Each structure stands twice: as structure tokens, then as C-alpha cells.
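Below is one structure, written out as C-alpha cells, with a few remarks after it.
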Amino acid sequence: ETGVTQTPRHLVMGMTNKKSLKCEQHLGHNAMYWYKQSAKKPLELMFVYSLEERVENNSVPSRFSPECPNSSHLFLHLHTLQPEDSALYLCASSPTSGRHNEQFFGPGTRLTVL
Amino acid sequence: QQPVQSPQAVILREGEDAVINCSSSKALYSVHWYRQKHGEAPVFLMILLKGGEQKGHEKISASFNEKKQQSSLYLTASQLSYSGTYFCGTEWGNDYKLSFGAGTTVTVRA
């Protein structure tokens, strides 16, 4: 595997379910990100991890819970979601979380909340 | 604060040129450009830094007007492979995070 991978690619869940999204980067980067991409809206940054520490939590509801067990893996735990949470969730990584870093994106998980 | 991109969409024939603009009300440190094809991950194209340094793509060029806090992406002699949605991301303030525009959808037809 190369680059940034995400699983699953598609997920349908009910509002009472609990599920997790997984992201893995094979680039040796120290920073990882979760973004939400909704139709016709800008990419919304959700969380940033640098060297496994959360450095940004962009006013995201507590029903989204990130976890970064090591610099290569990032999870997004989901529980009691709302239909408006349906979107494409993108993971990205960069060499550091500092300025001027190119971000490498995964293909995303298409989430549908019923 | 998100930058504003224009136009929202553009349709081109192969070989035609287009310009995509990205404007911010904030003083910017850099502007990043990404392209996302349908069903795929966004891919980095280039970064333009305050002070004029530029890194990135060989066939697509861009400019950064620091006075106007505006960047323009130039698609010259467009190819079918240029189709996709182009996003600009801006760095400003003391945070290192990117704020992205809503995207410009480019369709290149034969």
C-alpha cells in the first residue's frame, strides 16, 4: 500500500449505530487530519493530530471522536449521528503540521446516515 | 475564514485557456491549489508562498498577488485530463491550518 488509505470506502449507518472510520498513511508523516466534504461546500477541517497529539479541534460535535494511536493511523469514531452528518470524510497527512506543508489526501469514506 | 473562488464552474474545449481565482479577506502566508477528480482524493498541484516562491506542477501555473490577497490558477491549452474540481486553500493568521474554498468545477470537452 502506498500513500493514504481509508476504510471503509462507503458506510451506511442508522442514527443509533456506532461505527469507526480508519485512515492509514504510508508516507512517514507526522501530521494527520480529518476533513468533512459536503456537496457544494468548502472542505471543513475537523481535527488535526501532530505527533499523535491533537492540536486542533475545530468545534466539532462530540458525536465525532478522533483517535490517533500512532503517527501512521487515525480513526474517527462515530456515534448517534444525524442525517446532516452524511458527507465524504477525507483523511490527509503532511510531513509536519507547520506552514507550507503539502497535504496528501486519502480517497475518503462516503458516509450516509439514515 | 474561507476564501472565495470564482467562477463556480467552467466548461472548456480542449486547447482553450481558463483562469480560476481565489480571494481572501485575510493577510495570507500562502495559497495551495488542489484538484479532485470525481470519486478520487484531492491531489496537490502547487503552493505559492508570500514573497513569491512557488512550488508545484509543471504544466499548470499560478500567481499570488499579496497586495490583493488573491491567487489565480491558469489552465493553459487545456487537456481532457484537466477536468475536475479545483480547490484553493489559504494559510493565514497564527494557525497552520488550511481554509479551503468551495471549489471550481472544470469540464474539458473534446
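Every read-out reported here was derived from the displayed coordinates using simple, explicitly stated rules and does not represent laboratory data. Keep in mind it's a predicted model, so treat the numbers as computed, not measured. Don't worry about glycine lacking a Cβ; one is built from the backbone with ideal geometry, like all the others, and counts go over all protein chains shown.
Beyond 24 Å in Cα-Cα separation lie the following of the pairs A:Lys36/B:Lys97; A:Lys22/B:Lys97; A:Lys41/B:Lys67; B:Lys67/B:Lys97; B:Lys68/B:Lys97; B:Lys26/B:Lys97: A:Lys41/B:Lys67. Short-range pairs are left out: with C-alpha atoms under 8 Å and at least six residues apart, the relative contact order of chain B is 39 percent. Between B:Ala77 and A:Ser72, the distance separating the two model label sites (each 7 Å from Cα on the Cα→Cβ line) works out to 4.3 nm.
Tell me the net charge near B:Tyr86. Cut-off is 15 Å between Cβ atoms, B:Tyr86 excluded, with +1 for each Lys or Arg and -1 for each Asp or Glu. Provide the component values of the computation, followed by the final result.
Working: positive: A:Lys40, B:Arg35, B:Lys37, B:Lys59; negative: B:Asp17, B:Glu40.
Taking every Cβ under 15 Å from that of B:Tyr86, the sum is +2.
Using Cα-Cα distances under 8 Å and only pairs 6 or more residues apart, what relative contact order does region A:48-98 have, in percent? Reported as a whole number, the value is 31 percent. Of the residues A:Arg54, A:Arg63, A:Arg99, the one that moves most in a GNM of chain A with alpha-carbon contacts below 10 Å is A:Arg99.
Sort A:Met13, A:Met46 so that the residue with the fewest other Cβ atoms within 10 Å of its own Cβ comes first and the one with the most comes last. Please list the in-between numbers first.
On the way: A:Met13 17, A:Met46 20.
By the 10 Å Cβ count, ascending, the order reads A:Met13, A:Met46.
Between A:Gly28, A:Gly14, A:Gly98, the Gaussian network model of chain A with springs among Cα atoms under 10 angstrom shows the greatest mean-square fluctuation at A:Gly98.
Report the relative contact order of chain A, percent, no decimals, based on alpha-carbon pairs under 8 angstrom and at least 6 residues apart.
Working: 293 pairs, mean separation 41.8, N = 114.
Contact order relative to length: 37 percent.
Straight Cα distances below 23 angstrom link B:Lys59 to the lysines B:Lys37, B:Lys50, with same-chain residues fewer than 8 positions distant left out.
Let me know the mean shielding of B:98-108 by other chains, meaning the per-residue number of their Cβ atoms within 10 Å of its Cβ. Don't skip to the answer; put the middle values down first.
Numbers: counts 8, 4, 7, 2, 4, 5, 0, 1, 0, 0, 0.
Per-residue shielding by partner chains comes out at 3.
Calculated from the alpha-carbon coordinates, region A:1-71 shows an Rg and a Dmax of 13.1, 36 Å respectively. Taking amide hydrogens as placed 1.01 Å from N in the peptide plane, the amide H of A:Met15 sits under 5 Å from those of A:Leu114, each at least 5 positions away in sequence or on another chain.
Taking a point 7 Å from the Cα of A:Val12 along the Cα-to-Cβ direction, the residues of region A:86-114 with backbone N closer than 11 Å to it are A:112-114.
Only counting other Cβ atoms within 10 Å, I'd like A:Lys40, B:Lys67 sorted with the fewest neighbours first.
Working: A:Lys40 8, B:Lys67 5.
Taking fewest neighbouring Cβ atoms as first place, the list is B:Lys67, A:Lys40.
Extending 7 Å from Cα along the Cβ direction at B:Thr107 and again at A:His79 yields two label points whose distance is 4.4 nm.
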